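First the structure, in the form of structure tokens, and then the observations on it.
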Amino acid sequence: MTLNIAIHVFDGVEVLDFAGPFEVFTTATRMYTRAAPAEPPAFNVFTVGRTRAPVLARAGLKVEPDHALVSHPPIDCLVVPGGVVIDELDKPDVVSWIAHTAPATRITASVCTGAFLLARAGLLDGLQVTTHWEDVADLRAAFPALQVIEGPRWCDAGRLVTSAGISAGIDMSLHLVRRLHSAALATRTARQMDFDWTDNGVV
């Protein structure tokens, strides 16, 4: 069965925060199809924006979302990247979409400051979470009900998974491939990407 992986994109999103997970899940699909060409793809990866209008990622990269908040396929795994999230936190429709979408997913995950969006949506209270080292203090101050820890590349709280900054999203995404498919596929994906997987997380 093919699992749908949705990655939220928005103005100010950190490029590697969304491109890293995109690369992991699409590479995993390529590796799986290479080994089992008669089987359905492992993952179907797409981006979701507030609308279909292009967004400007951090540093000016233009990204055209595949789908809008009001119209997208069912989501098995939602990835919420970080970057400059101040404006996103003040968009009730975005926060509401995250809050209502997450319970229907197998896993909802954040990269870097994407944890602020999951927290604003009320998803992380009481959980061990992490974010970029530079934003740990701010996350603790803004959301005191969270158990914010610094050091691990990712924190797995079951249906909610958070990662540290930027490149840690790749480590977390490989962990998600392991959870959603298999350790063998995650290892093969890291090898294909020539990526030194830092499998340092908290469960």
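Report yes if some residue within the range 139-147 is under 23 Å from Leu16 (Cβ atoms), in contact (Cβ under 8 Å) with a residue 12 or more places away in the chain, part of a helix (DSSP H, G or I) and open to solvent by 10 Å² or more (accessible area, probe 1.4 Å); otherwise report no. The answer is no; no qualifying residue exists. Within the range 176-192, is there a residue that is under 22 Å from Val13 (Cα atoms) and not charged (D, E, K, R)? Taking every residue of the range 176-192 in turn, at least one turns out to be under 22 Å from Val13 (Cα atoms) and not charged (D, E, K, R).
Going residue by residue through the range 154-168, is there one that turns out to be assigned to a loop (DSSP other than H, G, I, E, B), modelled with pLDDT of 95 or more, of a type in the set (Ser, Thr, Tyr) and under 12 Å from the mean Cα position of the chain (by Cα)?
Within the range 154-168, one or more residues are assigned to a loop (DSSP other than H, G, I, E, B), modelled with pLDDT of 95 or more, of a type in the set (Ser, Thr, Tyr) and under 12 Å from the mean Cα position of the chain (by Cα).
Scanning the range 17-31 for residues that are open to solvent by 70 Å² or more (accessible area, probe 1.4 Å) and either farther than 17 Å from Val111 by Cβ or in contact (Cβ under 8 Å) with a residue 60 or more places away in the chain (or both) turns up Glu23, Arg30.
Only one entry of Ser163, Ser173, Ser167, Ser182 meets the criterion of being touching a Pro at 6+ places or on another chain (Cβ under 7 Å) and of a type in the set (S, T, N, Q), and that entry is Ser173. Considering only the range 51-65, I want to know if a residue exists there that is within 17 Å of Ile107 (Cα to Cα) and touching a strand residue (DSSP E or B) at 6+ places or on another chain (Cβ under 7 Å). Scanning the range 51-65 turns up no residue that is within 17 Å of Ile107 (Cα to Cα) and touching a strand residue (DSSP E or B) at 6+ places or on another chain (Cβ under 7 Å). Within the range 155-170, at least one residue is farther than 20 Å from Glu14 by Cα and open to solvent by 70 Å² or more (accessible area, probe 1.4 Å).
State which residue is surrounded by the most Cβ atoms within 10 Å (Cβ to Cβ) when the search covers only the range 125-138 and only residues that are out of contact with any Ser or Thr (no Cβ under 8 Å at 6 or more places or on another chain) and closer than 14 Å to Val84 by Cα. That would be Asp138. In the range 176-190, how many residues are touching a residue at least 12 places away in the same chain (Cβ under 8 Å) and in contact with a helix residue (DSSP H, G or I) (Cβ under 6 Å, 6 or more places away or on another chain)? Going through the range 176-190 one residue at a time, the tally reaches 6. Taken over the range 173-203, the residue count meeting the criterion of being outside any helix (DSSP H, G or I) and not acidic (Asp, Glu) is 10.
Quick check on the range 32-48. Is at least one of its residues assigned to a strand (DSSP E or B), touching a helix residue (DSSP H, G or I) at 6+ places or on another chain (Cβ under 6 Å) and either of a type outside the set (Gly, Ala, Ser) or open to solvent by 10 Å² or more (accessible area, probe 1.4 Å) (or both)?
Yes: one or more hits.
Residues of the range 49-73 that are open to solvent by 40 Å² or more (accessible area, probe 1.4 Å) and part of a strand (DSSP E or B): Leu56, Lys62, His67, Ser71.
The values are calculated or read from the model by the stated rules, or taken from the named source; none is laboratory data. Note that this is a predicted model, so its numbers are computed, not measured. Cβ: placed from backbone, ideal geometry, glycine included. Neighbour counts: every protein chain shown. All accessible areas refer to the heavy atoms of the entire protein, side chains included, with ligands and DNA or RNA removed. Shrake-Rupley method; radii C 1.70, N 1.55, O 1.52, S 1.80 Å.
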